[in-house]
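Down below is the structure, laid out as structure tokens.
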Ligand code: FDA
């Protein structure tokens, strides 16, 4: 029997697309290797799912073609998804940077998607792993762990490789390669950065400490948010954001005091507390343990403020505002929130998500080379790309 449409992956993109197509009257089947629908949604946003953002722009995404995402994002916006959230009376709230989270649980979003699928009589085949796709005269043959099926159209929504414990597979990338479609090399994104052992040993007393920083890459990308020192290196929102742009081997620049006028601070301190140690002076602005680490690293001299000459003061200010650290890697897919890279968007239509040279084959969601910032952007891409695909069929 030939199915109208088969969607591979019951995640955010696959479920949303399935509901839309089912309600358009298509016979839709969703295959997923897991036991439950929307497993990543359930663990997202600390269990409260940051389902979109108040401000969504193409510049919030990393992609080899920064224009590709514009069409879908402008045709199905955050306000469109929010309208659906309101229709289901899901309580939500806004956090910093316009991030929208469920008040209660991410399960509310999965329930919404499930109801949309029920309205469209979508069929599910869970615990079924897609192993290979072959093109046939009238569509595609799907070889799965539970037998072989035929489908007129196939939508690949298998996501990225992050959180391998959830059963993520590289079938999307393998299928692309099988059909001679280019894949932009994949790597972990929105991920903590790790440090070399000598530096890690010195910074270890800081594990668990968070401070507001501004972090920049060599190429000039900058984020201002909290940085968290961990027992493996650096994490927190500012590091997750910067990891999307950091290239292996490069240093990052950390401004430890982005909100302080340091020249003025030193001038004031020289008047009121010149006899105090530089360590105590700087501990008025930063955690004392961090100042001690900077002294141990010989970035800051352990002397009284009155002995600090002007060139030395300049060097201290340079360290505090442009602390150069070269991470030795990332924590990898185990803790990453997204996968950077993926199906090269050059081979896809930005209006329909269909492979230009293979009618009937589509890629949606994270599997393609479009990755968002932290803040609900990845789910918005799942919704927008799924909508564009469903709208075109
Ligand atoms: P998704 O990964 O959701 O779904 C893919 C599905 O395909 C999975 O169910 C998988 O099992 C299935 N599959 C894979 N291979 C298969 C095969 N061979 N056969 C059958 N099925 C197969 N984003 C955001 O915007 N806000 C947030 O709050 C968070 N929080 C967050 C927390 C954590 C811990 C992680 C890991 C990620 C996030 N994200 C996020 C990112 C977000 O979860 C992610 O970008 C979307 O889930 C991507 O949706 P997709 O539908 O593309 O893939």
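The values are calculated or read from the model by the stated rules, or taken from the named source; none is laboratory data. This is a predicted model, so every value here is computed, not measured. Here Cβ is always computed from backbone atoms with ideal geometry, including for glycine, and neighbour counts include all displayed protein chains.
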task = Test residue 325 against the stated conditions and say whether it is within 29 Å of residue 151 (Cβ to Cβ), touching a helix residue (DSSP H, G or I) at 6+ places or on another chain (Cβ under 9 Å) and either near the ligand (Cβ under 9 Å from one of its atoms) or in contact (Cβ under 8 Å) with a residue 60 or more places away in the chain (or both).
result = no
Options 331, 337: the member that is within 30 Å of residue 208 (Cβ to Cβ), in contact (Cβ under 8 Å) with a residue 24 or more places away in the chain and surrounded by fewer than 18 Cβ atoms within 10 Å (Cβ to Cβ) = 331
request  = Determine, yes or no, whether residue 336 is closer than 30 Å to residue 9 by Cα and either within 24 Å of the chain's Cα centre (by Cα) or at pLDDT 95 or above (or both).
outcome  = yes
ask   = Of the residues that sit in region 374-393 and are more than 20 Å from residue 355 (Cβ to Cβ) and near the ligand (Cβ under 9 Å from one of its atoms), which one is surrounded by the fewest Cβ atoms within 10 Å (Cβ to Cβ)?
value = 374
ask   = Restricting the search to region 135-176, which residues are at negative phi, surrounded by fewer than 13 Cβ atoms within 10 Å (Cβ to Cβ) and away from the ligand (no atom under 11 Å from the Cβ)?
value = 136, 137, 138, 148
query = Taking into account only those residues within region 20-39 that are within 13 Å of the ligand (Cβ to nearest atom) and crowded, with 24+ Cβ neighbours inside 10 Å, which is nearest to residue 169 (Cα to Cα)?
reply = 32
request  = Examine region 342-349 for a residue that is part of a loop (DSSP other than H, G, I, E, B) and away from the ligand (no atom under 15 Å from the Cβ), and state whether such a residue exists.
outcome  = yes
request  = Within region 358-384, track down each residue that is part of a loop (DSSP other than H, G, I, E, B) and free of Cβ contacts under 8 Å to residues at least 60 places away in the same chain.
outcome  = 359
ask   = Only one residue in 164, 182 is over 15 Å from residue 363 (Cα atoms) and within 27 Å of the chain's Cα centre (by Cα). Which one?
value = 164
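Given the residues 12, 58, which is the only one that is more than 12 Å from the ligand (Cβ to nearest atom) and within 15 Å of the chain's Cα centre (by Cα)?
58
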task = Report yes if some residue within region 305-327 is over 26 Å from residue 259 (Cβ atoms) and either in contact with a strand residue (DSSP E or B) (Cβ under 8 Å, 6 or more places away or on another chain) or crowded, with 23+ Cβ neighbours inside 10 Å (or both); otherwise report no.
result = no
remark   = Pairing a residue in region 126-145 that is more than 28 Å from residue 114 (Cβ to Cβ) with any residue that is surrounded by 18 or more Cβ atoms within 10 Å (Cβ to Cβ), where Cβ atoms lie under 7 Å and the two sit 6 or more apart in sequence or on different chains, gives 134/140
task = Could you grab me the full set of residues in region 95-133 that are in contact with a strand residue (DSSP E or B) (Cβ under 7 Å, 6 or more places away or on another chain) and more than 15 Å from the ligand (Cβ to nearest atom)?
result = 120
task = Evaluate region 272-292: report whether one residue or more is within 30 Å of residue 339 (Cα to Cα), outside any loop (DSSP other than H, G, I, E, B) and touching a strand residue (DSSP E or B) at 6+ places or on another chain (Cβ under 8 Å).
result = no
note = The one condition residue 336 fails out of (1) touching a strand residue (DSSP E or B) at 6+ places or on another chain (Cβ under 6 Å); (2) more than 26 Å from residue 188 (Cβ to Cβ) is (2)
key: Residue check, residue 230 surrounded by 15 or more Cβ atoms within 10 Å (Cβ to Cβ) and modelled with pLDDT under 95   = no
note = Within region 113-128, residues being outside any loop (DSSP other than H, G, I, E, B), in contact with a helix residue (DSSP H, G or I) (Cβ under 7 Å, 6 or more places away or on another chain) and farther than 22 Å from residue 54 by Cβ number 3
ask   = Filtering region 40-55 down to residues that are free of Cβ contacts under 8 Å to residues at least 60 places away in the same chain and out of contact with any strand residue (DSSP E or B) (no Cβ under 7 Å at 6 or more places or on another chain), which residue is nearest to the ligand (Cβ to nearest atom)?
value = 46
